[in-house]
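This report concerns only the one structure given below.
The values are calculated or read from the model by the stated rules, or taken from the named source; none is laboratory data. Treat the numbers as computed from the prediction; the structure is a model and nothing was measured. FYI the Cβ positions are ideal-geometry reconstructions off the backbone, even for glycines, and counts take in every protein chain you see.
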Amino acid sequence: MTVVQTVLVFVGIPAGIIAVIALAVYGKAIVRQPNRYRPGKTWDYPGAWYVPHPEAVVARPSTGSTTTAVGGASGEW
Amino acid sequence: MSGEITRAPSRELQEGPQGDAPAGGAFTARQLSRLDEALTLSSRETGLTFSVYVGEFKAPARAHAEALFERLDDGSVLVAVSPAQRLLHIVTGPESAKRLPNRACALAALAMRASFANGDLVGGIVTGLRMLADAAGTH
């Protein structure tokens, strides 16, 4: 085998295999960047408040314009 | 279910990503529809009004979450999440606290934290809403 052939067989083929596996693993993420949060990543989207569909909500007689917080829980991650 | 998120009718709440048009928005259309389904189902099941706030808290965070809650009604439950500050707050009112003791909220918060720490923001919110709805029971 010439030097070129040796390099192709012992470097080229492993590199090719590694490239195929890497593409299979990360390819999808490279092509289409998923809109995904990761802890520690910045989050600079404006605040948004999501409420259920009005027809899913039981109408309550309004007791005034505001209410007060009574309980709940908090946490951090 | 149309997959559209209904926005709260307050001035400040209308800022941010619009419904299912996520151009540059925080969530993809698929994520928004999951969020919408969880919100609507848990509200319909329990008769409580669940809402989800995703955004930054002004310090002190708990006071800000409670101030947000004060715009809702007595039977509301607010799940407020700040991904940037890695904080979450669940706030209940006079009516909803009877159905949802703080213990149940803490359990939901714990499950949400686990998902958030894995980077699954929408999954955590959906899990939290399901747990809260289960704890509150049907009306």
>> Whether any residue in segment B:101-118 is out of contact with any strand residue (DSSP E or B) (no Cβ under 8 Å at 6 or more places or on another chain) and modelled with pLDDT under 90 is what I want to check.
In response: yes
> Which members of segment B:62-71 meet the condition of being farther than 17 Å from B:Asn102 by Cβ and surrounded by fewer than 23 Cβ atoms within 10 Å (Cβ to Cβ)?
Replying inline: B:Ala63, B:His64, B:Ala67, B:Glu70, B:Arg71
> Out of the residues in segment B:73-84 that are closer than 15 Å to A:Ala48 by Cα and not small (Gly, Ala, Ser), which is nearest to the other protein chains (Cβ to nearest Cβ)?
Replying inline: B:Pro83
> Restricting the search to segment B:103-117, which residues are surrounded by fewer than 24 Cβ atoms within 10 Å (Cβ to Cβ), closer than 14 Å to B:Asp134 by Cα and facing chain A (nearest Cβ under 7 Å)?
Replying inline: B:Ala106
>> I need the full set of residues from segment B:118-139 which are crowded, with 19+ Cβ neighbours inside 10 Å and within 8 Å of chain A (Cβ to nearest Cβ), in order please.
In response: B:Leu121
>> For A:Pro39, only one of the following conditions fails: (1) surrounded by 10 or more Cβ atoms within 10 Å (Cβ to Cβ); (2) more than 30 Å from B:Gly119 (Cβ to Cβ). What is its number?
In response: (2)
> In segment B:87-117, which residues are closer than 21 Å to A:Arg38 by Cβ and either among the polar types (S, T, N, Q) or over 15 Å from the mean Cα position of the chain (by Cα) (or both)?
Replying inline: B:Ala114, B:Ser115, B:Ala117
> Are any residues in segment B:99-117 among the basic types (Lys, Arg) and closer than 16 Å to B:Phe69 by Cβ, and if so, which ones?
Replying inline: B:Arg99
> Restricting attention to segment B:32-48, and to residues there that are facing chain A (nearest Cβ under 8 Å) and under 10 Å from the mean Cα position of the chain (by Cα), which single residue is surrounded by the most Cβ atoms within 10 Å (Cβ to Cβ)?
Replying inline: B:Leu39
